[in-house]
1. So if I check each of Phe80, Phe3, which one is modelled with pLDDT of 95 or more and more than 22 Å from Ile207 (Cβ to Cβ)?
2. Filter the range 62-100 for residues that are part of a loop (DSSP other than H, G, I, E, B) and within 16 Å of ligand 2 (Cβ to nearest atom); which is farthest from Met149 (Cα to Cα)?
3. For the range 101-120, which positions are within 10 Å of ligand 2 (Cβ to nearest atom) and either in contact (Cβ under 8 Å) with a residue 40 or more places away in the chain or in contact with a helix residue (DSSP H, G or I) (Cβ under 9 Å, 6 or more places away or on another chain) (or both)?
4. Do the conditions hold for Asn235, that is, is it at pLDDT 80 or above and part of a helix (DSSP H, G or I)?
5. Pairs, please: C-beta under 8 Å, at least 6 apart or cross-chain, first residue over 13 Å from Phe34 (Cα atoms) and touching a residue at least 40 places away in the same chain (Cβ under 8 Å) and in the range 69-80, second crowded, with 18+ Cβ neighbours inside 10 Å and polar (S, T, N, Q)?
6. Since Ser199 meets every condition but one in (1) in a loop (DSSP other than H, G, I, E, B); (2) surrounded by 13 or more Cβ atoms within 10 Å (Cβ to Cβ); (3) over 21 Å from the mean Cα position of the chain (by Cα), which condition does it not meet?
7. Please specify each residue of the range 87-146 satisfying the condition of being away from ligand 1 (no atom under 15 Å from the Cβ), β-branched (Val, Ile, Thr) and surrounded by 18 or more Cβ atoms within 10 Å (Cβ to Cβ).
8. Can you tell me how many residues within the range 41-78 are surrounded by fewer than 14 Cβ atoms within 10 Å (Cβ to Cβ), out of contact with any helix residue (DSSP H, G or I) (no Cβ under 8 Å at 6 or more places or on another chain) and hydrophobic (A, V, I, L, M, F, W, C)?
Amino acid sequence: MCFKSNSLLLNLNLKNHIRLKRVLEHSIYLAIIFILLPVFIYFELCIVLPAVVEEWSVPFLIHYCCASFLILNIIGNMIFGMFTDTSVRGRMSHFRNKESWGYCSECDFFRPPRAWHCDTCDLCILKRDHHCTFFACCIGHFNYRYFIMFTLDVFVAMLYAFYYNVQFLSQFISWNHGLIIIKFLFPLASFVIDFGPESVYVFLVLINFLVALFTGFLFFYHINNVLNGKITPENKNSLKSVHDKGWKCNLIEVLGTRWHLTWISPFIYSPLPGNGFEWDIDDKTD
Ligand SMILES: [Zn+2]
Ligand SMILES: [Zn+2]
């Protein structure tokens, strides 16, 4: 009896510890986003753009519109992704448990195929792909669209910005200066050695490059999964997924019936064909 209560207490402590660690991680990543985003917007629109394009000319206004479109979509997709509930909560009563449903010992109920328990959210998530630290929630059946579009928008914005940032730096930086190599290799050290706008610009362009690489990897990894009808936990085996219905149907399953319009705005209504509980041929495989 005593042993059982001790192990329960240990389990509870461990859960609280994991939760606290995740809350701290989420706070740090969200703080990075909320600091970096305005800094980048200011840097690109108020410093780089006027330096590479004539101010208030037609190209300048076109760039301003394109940048605003990307910024609004990045923020919009992030907010929609964070606040779209994709868990089984409040939805289970519409469905009768099936024999093939797996049992979740944490939630103490049977969960539908492709749903997995998340230790951080402490819930079973429908068609759970992964827990996203930047969104501070799980990515699953109902918010996968926003995550995919968020990574695409950030990737495009970073490539777009990088093209003009390189032009901007080439005008600005004294390339014959030996210090420039240190600034690129050790951007933080250059703040100490030679703090000034040049060091800040080099640092921001490096961040720009790294974020482009990271979001590019994320986007191509996830879109490849989507096109093949897979989610990350199902990607371990290289066999063709039993959920693969052809690239177009797979895409519609994630982006909705108006999939071709979802890049325009997260506000565009694009209903998903599935309910996240029932899957055509797959009950036996999960
Ligand atoms: Zn669960
Ligand atoms: Zn989660």
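1. On the way: Phe3 fails: modelled with pLDDT of 95 or more.
Within the list Phe80, Phe3, the selection yields Phe80.
2. Initial filter on the range 62-100 (part of a loop (DSSP other than H, G, I, E, B)): 84-86, 88-91, 95-100.
Among the residues that remain, those that are also within 16 Å of ligand 2 (Cβ to nearest atom) are: 84-86, 88-89.
Values: Thr84: 14, Asp85: 17, Thr86: 17, Val88: 23, Arg89: 25 Å.
Going through the qualifying residues, I end up with Arg89.
3. Once the filter is applied, which keeps residues that are within 10 Å of ligand 2 (Cβ to nearest atom) and either in contact (Cβ under 8 Å) with a residue 40 or more places away in the chain or in contact with a helix residue (DSSP H, G or I) (Cβ under 9 Å, 6 or more places away or on another chain) (or both), the range 101-120 yields Trp116, Asp119, Thr120.
4. no
5. Within 8 Å, the pairs are Phe80/Asn143.
6. (1)
7. The one that is away from ligand 1 (no atom under 15 Å from the Cβ), β-branched (Val, Ile, Thr) and surrounded by 18 or more Cβ atoms within 10 Å (Cβ to Cβ): Ile139.
8. Residues that pass the stated criteria total 6.
The values are calculated or read from the model by the stated rules, or taken from the named source; none is laboratory data. Computed from a prediction, not measured in an experiment: that's the story for all the values here. When we count neighbours, we look across all protein chains shown, and the Cβ atoms used for this are built from the backbone with ideal geometry, even at glycine.
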